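The values are calculated or read from the model by the stated rules, or taken from the named source; none is laboratory data. Since the model is a prediction, treat every value here as computed from it, not as a measurement. Every residue, glycine as well, gets a Cβ built from its backbone with ideal geometry; the counts of neighbours run over all protein chains shown.
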Amino acid sequence: MKSKKPIIISLAPFQGLTDKYFRTLFLESFGGVDRVYAPFVSGSGTERISKSKLSDLLMNERAISGTIPQIISNDSDEIVLFGKTLSDYGYRHINWNLGCPFRRIANKNKGCGLLPYPGKLEKILDNIFDKQPSFELSIKTRLGYHQKDEIFEAIKLFNQYPLSELIIHPRIGKQLYKGVVNLEGFNQCKLLSDHSIVYNGDIYNKAAFEKLLVMFSDIEHWMMGRGLLINPFLAEQIKGQKVSKDQRRERLHKFIKRLMDITSNRISNESKAAGYMKAVCYYMAGSFKDPEKVFSKIKKTRTTEEFDNAFNEIINLPLSNDVEAGNYFVHGLKHI
Ligand SMILES: Cc1cc2nc3c(=O)[nH]c(=O)nc-3n(C[C@H](O)[C@H](O)[C@H](O)COP(=O)(O)O)c2cc1C
């Protein structure tokens with residue numbers, strides 16, 4: 001009998017949150033995550049790339065292992081230069097963002113704002129692959145900007161190019177991250193595509209993942225975002241590792257303490273540093289039984305010292321179980 005390949009789990013990118021310091025510490029602190037996608041770089045240019053555009057992607061002038069860089073662009077020269085420059089630093093694979101739903105981006109025909117224009121997409125892809133790029137290109141997208149059928153034309157087009165994978169978040173741009181995921185739409189994409197498909201969206205606990213695995217048993221790679229930010233042990237749990245509540249508490253505490261140290265070293269403005277930690281804890285509050293109480297304690301903090309004191313109290317509060325973490329994802333988070 002053919003043995004099934006082990007599943008791949010990746011951490012989704014979050015602009016402003018999952019920067020290289022977060023990503024590195026996350027991979028060191030929690031198991032089960034095979035790769036991390038970096039938040040998109042925009043406006044990197046067609047002639048030369050300034051170092052500041054690459055700063056989130058390099059550590060000591062080298063590629064960061066386990067990381068996939070991402071670009072948002074509607075210019076083939078920009079995408080090729082980005083990929084070429086990063087391959088010189090040791091990256092083999094870049095991801096093109098065709099999913100960002102925010103109006104200021106989508107209305108410039110970037111992110112999912114390119115999906116209604118298959119002609120433009122074709123030109124960009126032709127130009128990229130005509131140059132025989134030295135890097136692998138994958139795409140992260142959604143079902144459409146205005147309506148779900150937009151993706152079907154795009155997928156037929158994608159089938160003509162050697163993409164390394166196609167990550168699909170089954171919502172349309174107009175939904176942002178709200179409402180339900182369209183699993184039938186995802187299934188249609190899967191049937192239509194010749195590429196290796198990655199599922200992304202609303203994997204909020206182990207039970208939610210297992211339901212999806214039954215529906216889409218041929219999917220090997222699963223990208224998880226908010227579910228992992230809420231419960232960083234989710235990937236370990238899915239891969240069958242047992243973590244006791246005491247271990248979770250100890251490892252979460254250590255992670256937050258180290259992240260706070262790193263953050264206060266790199267952001268000298270105290271309130272900005274505390275602001276970043278608050279954004280992290282907005283999600284992680286769902287690791288606790290009473291996330292509203294946890295976040296209200298964190299929200300009041302204005303300095304790193306106040307944040308530290310608040311978290312030292314919080315870490316002793318009861319932790320959530322899988323169902324409670326899932327409830328926070330579905331009902332507690334304000335989905336933008
Ligand atoms: C605040 C925020 C920032 C995001 N930034 C990016 C980004 O830079 N690139 C990207 O491809 N997706 C980005 N996303 C989308 C997530 O990577 C992911 O696709 C989305 O949260 C759905 O997955 P989930 O349901 O597992 O969270 C962002 C989402 C949010 C809420």
*For residues that are charged (D, E, K, R) and touching a Lys or Arg at 6+ places or on another chain (Cβ under 6 Å), tally how many sit in the range 45-78.*
1
_Quick check on my filter: what residues within the range 1-36 are under 19 Å from V243 (Cβ atoms), within 16 Å of the ligand (Cβ to nearest atom) and touching a Lys or Arg at 6+ places or on another chain (Cβ under 8 Å)?_
I7, I9, L11, F30, G32
_Filter result (of a type outside the set (A, V, I, L, M), farther than 16 Å from V33 by Cα and within 12 Å of the ligand (Cβ to nearest atom)) within the range 202-228_ = D202
*Does K289 count as out of contact with any Leu (no Cβ under 6 Å at 6 or more places or on another chain), modelled with pLDDT under 95 and over 22 Å from S138 (Cβ atoms)?*
no
_Tell me which helices (runs of 4 or more DSSP H) are completely within the range 138-217 and hold 1 or more residues being within 30 Å of D322 (Cβ to Cβ) and among the charged types (D, E, K, R), or say none if there are none._
183-192, 206-215
*Quick one: which residue in I267, I256 is in the same structural domain as L319 (by TED's automatic domain parsing), free of Cβ contacts under 8 Å to residues at least 12 places away in the same chain, under 17 Å from R23 (Cβ atoms) and β-branched (V, I, T)?*
I267
_Scan the range 275-289 and tell me whether some residue there is touching a residue at least 60 places away in the same chain (Cβ under 8 Å), in contact with a His (Cβ under 6 Å, 6 or more places away or on another chain) and of a type in the set (A, V, I, L, M)._
no
*asked:* Test of understanding: among D130, D126, D149, which residue is modelled with pLDDT under 95, more than 23 Å from S217 (Cβ to Cβ) and surrounded by fewer than 17 Cβ atoms within 10 Å (Cβ to Cβ)?
replied: D149
*Quick check: is even one residue across the range 224-242 surrounded by fewer than 20 Cβ atoms within 10 Å (Cβ to Cβ), on the phi > 0 side of the Ramachandran plot and outside the structural domain of Y177 (by TED's automatic domain parsing)?*
yes
*Identify the single condition in (1) closer than 28 Å to K178 by Cβ; (2) touching an Asp or Glu at 6+ places or on another chain (Cβ under 6 Å) that G332 does not satisfy, given that it satisfies every other one.*
(2)
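Within the range 57-88, track down each residue that is in a loop (DSSP other than H, G, I, E, B), hydroxyl-bearing (S, T, Y) and surrounded by fewer than 23 Cβ atoms within 10 Å (Cβ to Cβ).
Taking the range 57-88 first, the residues in a loop (DSSP other than H, G, I, E, B) are 60-61, 64-66, 73-75.
Those still in the list that are hydroxyl-bearing (S, T, Y) too: 65, 73.
Across the range 57-88, the qualifying residue is only S65.
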